[in-house]
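Nothing in this text is a laboratory measurement; each read-out follows from the coordinates by a stated rule. From a predicted model like this one, the values you see are computed outputs, not experimental measurements. Note that we place each Cβ from the backbone using ideal geometry, even for glycine, and neighbour counts take in every protein chain shown.
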Amino acid sequence: MILIVDSGATKSDWIALDEKGNQLFNTQTLGLSPEVLTKEVIEDRLANNFELSKNREKVTQLFFYGAGCGTDRMKRFLKGIFADFFPNAKIEVKEDTFAAIYSTTKIGEPAIVCILGTGSNCSYYDGHQLFQKVLSLGYILMDDGSGNFFGRKLLRDYYYHKMPQDLGIKFAKEYNLDADVIKENLYKQPNPNTYLAKFARFIVENKEHPYCKGVIHKGFQQFVNNHIMQFELATKVPISFVGSIAHYLREELETVLKNNDLILGVIHQRPIDGLVEFHRKTI
């Protein structure tokens, strides 16, 4: 049994294939980002999934693509956990950028591939190899244009009284904005980045409001400036995206790219389907 996994900070999609490439099952767990979760939390999320627990000894190969897997230390950390849980599996752990590339880009064709979901990332693919100019330092310092980026912006503007009054009233009705609740989720609960990203739904639902339009435009422009424009060929190759923010704010993203003379490639909300097709070709 082959397991293929696309793991963001919010959730992980798992698809199992047999040796002929036929799908056996698909399932989900919560996100398994090693940057923000302990070994015990990750183990619990695996053990509490019925399909994974039932088939753990049948797995012979595990291809895991995950947020927070950009360093060797994080890869080793996850490999150790997976090796214990899937004792008969050969394990490969790569950062989620590879999942984005394999699901949006044909082998041999250069492109810039970006992630705009709970977090964000950007890489150049020359058709064979992956290149990154920026090593992500995580949701506190980076993740421009992402769900947690917009969530953080909304909370800050609400508390600094910079959000328009009409929108602030609406925001307070939809979310529990008690300071103690916010601080509990940010500093004491797992996945603070996912918690922040939950507020981004508000900016999507109210994207026609002038305030939200401005926040979205500035966030995407910041992503272009700090990530995409790092690459010399930025205006020469298509730029593709995966992630919910790119999917739900497609028109706004396309406008920012056009204003910067950039070429939009494809946008996929979830890379798992393209990822499975990529691996079927290698079976």
### Task
Would you mind checking the tilt of helix 165-174 against the longest principal axis of the Cα atoms of the chain, expressed as 0 to 90 degrees and rounded to 10?
30
### Summary
Toy charge model, Lys and Arg Cβ at +1, Asp and Glu Cβ at -1: the range 46-108 dipole around Cα centroid in debye, rounded to 20, equals 120
## Note on the structure
For LYS133, counting only aspartates and glutamates whose alpha-carbon sits under 19 Å away and dropping same-chain residues fewer than eight positions off, the answer is ASP72, GLU95, ASP96, ASP143, ASP144, GLU232
### Message
List the aspartates and glutamates whose Cα sits under 18 Å from the Cα of LYS236, skipping any in the same chain fewer than 8 residues away.
### Response
GLU109, ASP126, GLU254, ASP261
### Message
If neighbour count is taken as other Cβ atoms inside 10 Å, put ASP157, ASP6, ASP166, ASP144 in order from fewest to most.
### Response
ASP166, ASP157, ASP144, ASP6
### Task
Once you have all Cα-Cα distances for the range 95-241, histogram them in 5 Å bins from zero and send the whole-percent values.
2, 9, 18, 19, 16, 13, 10, 7, 4, 2, 0
### Task
Please find the FRET efficiency linking ARG73 to LEU137, where r is the Cβ-Cβ separation and R0 is fixed at 22 Å, and quote it to the nearest 0.05.
0.95
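Please arrange HIS217, HIS268 by how many other C-beta atoms lie within 10 Å of their C-beta, fewest to most. Don't skip to the answer; put the middle values down first.
Values: HIS217 15, HIS268 18.
Lowest to highest Cβ neighbour count: HIS217, HIS268.
Do the alpha carbons of any pairs in LYS94/LYS198; LYS11/LYS218; LYS75/LYS106; LYS39/LYS188; LYS170/LYS213; LYS39/LYS183 sit beyond 18 Å of each other, and which pairs?
Numbers: LYS94/LYS198 26 Å; LYS11/LYS218 27 Å; LYS75/LYS106 26 Å; LYS39/LYS188 16 Å; LYS170/LYS213 16 Å; LYS39/LYS183 23 Å.
Correct reply: LYS94/LYS198; LYS11/LYS218; LYS75/LYS106; LYS39/LYS183.
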### Query
Points 7 angstrom from Cα along the Cβ direction at GLU40 and TYR160: gap in nanometres?
3.7
### Top positive-direction residue, dipole computed over the chain with Cβ charges, set PRO192, ILE267, HIS247
PRO192
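If you average over every viewing direction, what projected area does the convex hull of the Cα atoms of the chain give, in nm²?
With the hull built on Cα positions only, its mean projection is 14.7 nm².
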### Summary
Here, trypsin sites (Lys or Arg not before Pro) of the range 8-62 satisfying both criteria (DSSP loop; at most 11 other Cβ within 10 Å) are LYS20
### Task
Mind pulling the angle between the C-alpha long axis of helix 210-226 and the longest principal axis of the chain? Nearest 10 degrees, somewhere in 0 to 90.
50
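Sort the following peptides by mean Cβ neighbour count (other Cβ atoms within 10 Å, averaged over residues), highest first: 102-115, 168-181. Spell out each step's value before the answer.
Numbers: 102-115: 19.5, 168-181: 12.4.
Per-residue Cβ counts within 10 Å, averaged per peptide and sorted highest first, yield 102-115, 168-181.
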### Taking GLU43, GLU35, GLU251 and counting other C-beta atoms within 10 Å, the order from fewest to most
GLU251, GLU43, GLU35
### Dipole magnitude of the chain about its Cα centre (Cβ charges: Lys, Arg +1; Asp, Glu -1), debye to nearest 20
160
### Task
Just name one of SER103, ALA47, MET74: the one whose Cα is farthest towards the positive end of the charge dipole of the chain (beta-carbon charges, Lys/Arg +1, Asp/Glu -1).
MET74
